[in-house]
């Protein structure tokens, strides 16, 4: 009888301790590993989330920028982070799956617990305001006048920018040479400084500079005109097949405690429903929300696409 009572007491204590541990989360700040340098589109997204998450989460979110190798260093760091709920991070495509297709990644999709995709950012072809190019035809004419002299800033092999440049060359007959950058901020600086003939990048990276009159976007890499810049034509309208975009979202290391994952998901849901966040995001991000399940399926499908692209033209 005494043994039975003792066993019950031990069980109750164990259950109570487990509940207490679960209730304690979070007891400290959560780190967001941003797989790019400060000032870029992914960094902007992460900082905006962190700002509004303070209203809905008991602890702050702290940004840790780990850039380099087209996001691979940051993705690797997230995959290897402690599975305690105190580290989440950003993912962005096609870089995430491109590294996997090229067999360079030390991670798989199974190493991540997907949270939410926030952004689908359309590709653009951009030139500085001082550029002599005012249209795609101007670029083609320059190519004919001096073949092989044009250069374009990209985020490097396997990036959406590199895919876009390849599409542009194929569609127009140009031979624009890729000038890889160390990050989105560097890519923008390279274009605005006139160090390349043009830039292949995403709208969010350059939209504020466009509004300030510092750059010109010659064409959108979308199926139809974008509501933020309805005056800018698509490549399709101009007679060229160039389609490109990049997605940006969040994930945690796979295997974090269920209570922590549940609380993180709920926090993301609250932030996404926050009207003040929605207003700020409308100004700064190209929002396209995917739930954890949708995001996982999207990335699995994308990996198939980048695998096929790599087989055709390795990077």
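The values are calculated or read from the model by the stated rules, or taken from the named source; none is laboratory data. In this text the structure is predicted, and so the values were computed from the model without any measurement. Here the Cβ is made from the backbone with ideal geometry for all residues, glycine too, and neighbour counts use every protein chain on show.
Before moving on, here are some points about what is shown:
- Extreme residue, surrounded by the most Cβ atoms within 10 Å (Cβ to Cβ), among residues of the stretch 189-207 that are out of contact with any strand residue (DSSP E or B) (no Cβ under 7 Å at 6 or more places or on another chain) and in a helix (DSSP H, G or I): 205
- Residues being surrounded by fewer than 18 Cβ atoms within 10 Å (Cβ to Cβ), touching a helix residue (DSSP H, G or I) at 6+ places or on another chain (Cβ under 8 Å) and modelled with pLDDT of 95 or more are represented in the stretch 165-178 by at least one member.
- Number of residues in the stretch 281-295 that are farther than 12 Å from residue 118 by Cβ and touching a helix residue (DSSP H, G or I) at 6+ places or on another chain (Cβ under 7 Å): the value is 1.
- Qualifying position, being closer than 16 Å to residue 242 by Cβ and not in a loop (DSSP other than H, G, I, E, B), among 210, 165, 115: 165
- Residues considered: 108, 149, 93. Of these, the only one that is at pLDDT 95 or above and within 19 Å of residue 303 (Cβ to Cβ) is 108.
- Residues of the stretch 192-202 that turn out to be in contact (Cβ under 8 Å) with a residue 60 or more places away in the chain and in contact with a helix residue (DSSP H, G or I) (Cβ under 8 Å, 6 or more places away or on another chain), as a count: 7
- For residue 185, the conditions (1) surrounded by fewer than 19 Cβ atoms within 10 Å (Cβ to Cβ); (2) under 24 Å from the mean Cα position of the chain (by Cα); (3) not in a helix (DSSP H, G or I) all hold with the exception of (3).
- For the stretch 64-90, a tally of residues being farther than 16 Å from residue 264 by Cα and not in a loop (DSSP other than H, G, I, E, B) returns 13.
- Scan of the stretch 132-161 for residues that are part of a strand (DSSP E or B) and buried (at least 18 other Cβ atoms within 10 Å of the Cβ), ordered by number: 152, 153, 154
- Only one of the numbered conditions (1) at pLDDT below 90; (2) out of contact with any helix residue (DSSP H, G or I) (no Cβ under 8 Å at 6 or more places or on another chain) is violated by residue 258, and that is (1).
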